[in-house]
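Following: one structure in structure tokens, then a few remarks.
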Amino acid sequence: MSVVTDSPVWRPFTQHALQPGAFKIARAEGAWLEAEDGARFLDAISSWWVITHGHRHPAIMQAIREETERLDQIIFAGFTHEPAEALARRLVALTPPGLDYVFYSDSGSTCVEVAIKMALGFWRNRGEARTRIVALEHGYHGDTIGTMSVGARSPFNAPYEPLLYEVSRIPFPARGRAQETLDALERACRDRPAALLVEPLILGAGGMLFYRAETLAEMQRICARYDVLFIADEVMTGFGRTGTLFACEQAGVVPDIACYAKGLTGGALPLAVTMCKREIFEAHLSPERARAFFHSSSYTANPIACAAALANLDVWATGEPAARVAALCDMQATRLARFTSDTRFSNVRQLGIITALDLNIVQGGYLSTIALDLMRFFNARGLLLRPLGPTLYVFPPYCIEAAELDLVYDAISEAADRFGGSA
């Protein structure tokens, strides 16, 4: 296979002493990646959860080409452009009612940072000293300083501990333990924090941990009762992943602030938005310049990325993606069923198009070498799967076919034989 081993590139989440090479991909289409030498990989994790309809969706690619003939990048302070204006109007109409303002950024981490800063600015401008954030145990919200702070403490952020601020952490609402979470949240809210930040329904990098929509709804009700802002991090869950367009829909929840990225452009280009209710915006609206919202990036509302997002919304408007999501949910359920009584696995689970199961092995934990061994095993079979320690998950683009899913689940079964899964 075409593997690069002499590159000066420092790759993300990679220990180069253990993973010295990288597959050099030359082409991508649909659910497949193709290396320079023709080797193919079925992208069963949507290239880190970003690709929705499939690689290089024709309508999105065409929109990108056309926009490059008009605009590249322009300043977004004091200037604007139609792709950003049109996209903002479309998003306000599409997202839960009440999210009336759109702030552009360029990544999941950044849009969550924006949400935290909005919440703190809201209370400061109202003259209230409320600065603490409440977050879920095992959560992950990004790798910038602010988002590491609200995420779980782990070996990933241990070197940066001196830079991280403290948050109030409540337990994950595991099955049968939701009341503990709700009680802890109520206690935390009595101390008048600024906001609760949650990944709705599923904690992704925390191990594909699922919780009930009813619990999410009750968490939002507690926040409303104590006048605590509710922030939904839908960076991963947005645009169909949980079976509905947005995860909050399943709980009937309208966040005060919501974060969307990844699938916003169909995964084609980096773009993110933080959306908020009117009162958040109006708390920063003042003749005093010091009350302005001081955040930006050089590429805020890049016109080409906005054009890709508009094309993505056009694709969703056809109804075809929703039908594909429904079909994929069923296909996933059918194939996962073979493992529900398989003693080599535990906690076999599904939410929308996402499935996960834990391999029963002695070696455990995200940093154990089993994850690398499994990754190599799947790569050798032409599959892109990236286990979270012993947790295997399937997170495919919506265009994947039944026969392609069979390749994935057959390989998962074979991996259990190879790596000794047992009850």
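Relative to the longest principal axis of the C-alpha atoms of the chain, give the angle of the C-alpha long axis of helix 82-94, reported between 0 and 90° and rounded to the nearest 10°. Orientation of helix 82-94: about 90 degrees from the principal axis. Within the accessible surface of region 1-87, defined with a 1.4 Å probe on protein heavy atoms only, the carbon and sulfur portion equals 58 percent.
Restriction of the GluC sites (Glu not before Pro) in region 273-304 to DSSP coil positions whose beta-carbon has at most 13 other beta-carbons within 10 angstrom yields 288.
Once the 1.4 Å probe is applied to the protein heavy atoms, region 314-413 comes out at 39 Å² accessible per residue. The GluC sites (Glu not before Pro) of region 120-169 that DSSP puts in a loop, and whose beta carbon has at most 12 other beta carbons within 10 Å, are 128, 166.
When shorter helices are ignored and each DSSP H run of at least 4 residues is given -39500 (n - 2.57), the per-residue value for the chain at 222 nm works out to -10500 deg cm²/dmol. For the chain, set up a GNM with springs between Cα atoms under 10 Å and report which of 46, 149, 297 has the largest fluctuation. Among 46, 149, 297, the largest GNM mean-square fluctuation belongs to 297. Taking the chain as a Gaussian network, Cα atoms linked when under 10 Å apart, which of 302, 312, 347 shows the biggest mean-square fluctuation? Of 302, 312, 347, the Gaussian network model singles out 347 as fluctuating most. The dipole here belongs to region 58-318: it is taken about the Cα centre, uses +1 on the Cβ of Lys and Arg and -1 on the Cβ of Asp and Glu, and is about 520 debye.
Debye calculation, C-alpha points only, no solvent: report log10 I(q)/I(0) for region 102-218 at q = 0.12, 0.23 Å⁻¹, in the same order as the q values. Per q value, in the given order, log10 I(q)/I(0) is -0.44, -1.43. The fraction of accessible area contributed by carbon and sulfur in region 104-216 is 51 percent, rounded to a whole number (1.4 Å probe; ligands and nucleic acids excluded). Each peptide in 235-243, 372-380 receives the mean, over its residues, of other Cβ atoms within 10 Å, and ordering these scores from highest gives 235-243, 372-380.
Relative to the dominant Cα principal axis of the chain, helix 320-336 is inclined by about 50°. Sites listed here are trypsin sites (Lys or Arg not before Pro) in region 146-179 whose DSSP assignment is loop and whose Cβ has at most 11 other Cβ atoms within 10 Å: 175. When region 58-318 is described by a simple charge dipole with +1 on each Lys and Arg Cβ and -1 on each Asp and Glu Cβ, the residue from 188, 216, 268 located farthest towards its positive end is 188. With contacts taken as Cα pairs under 8 Å and at least 6 residues apart, the chain reaches a relative contact order of 21 percent. To put it simply, the accessible area of region 317-423 at a 1.4 Å probe is 53 percent carbon and sulfur. What region 39-78 shows is 52 Å² of accessible area per residue, with the surface traced by a 1.4 Å probe over protein heavy atoms.
Straight Cα distances below 30 angstrom link residue 117 to the lysines 262, 277, with same-chain residues fewer than 8 positions distant left out. Cα extents for the chain along the principal axes, largest to smallest and rounded to whole angstrom: 65, 55, 43.
Of 270, 173, 162, the residue with the greatest mean-square motion in the GNM of the chain, using alpha carbon springs below 10 Å, is 162.
The values are calculated or read from the model by the stated rules, or taken from the named source; none is laboratory data. Computed from a predicted model, the values in this text were never measured in an experiment. Glycine also receives a Cβ, built like all others from the backbone with ideal geometry; neighbour counts cover every protein chain displayed. Heads up: the accessible areas ignore ligands, DNA and RNA and are worked out on the full protein's heavy atoms, side chains in. Shrake-Rupley method; radii C 1.70, N 1.55, O 1.52, S 1.80 Å.
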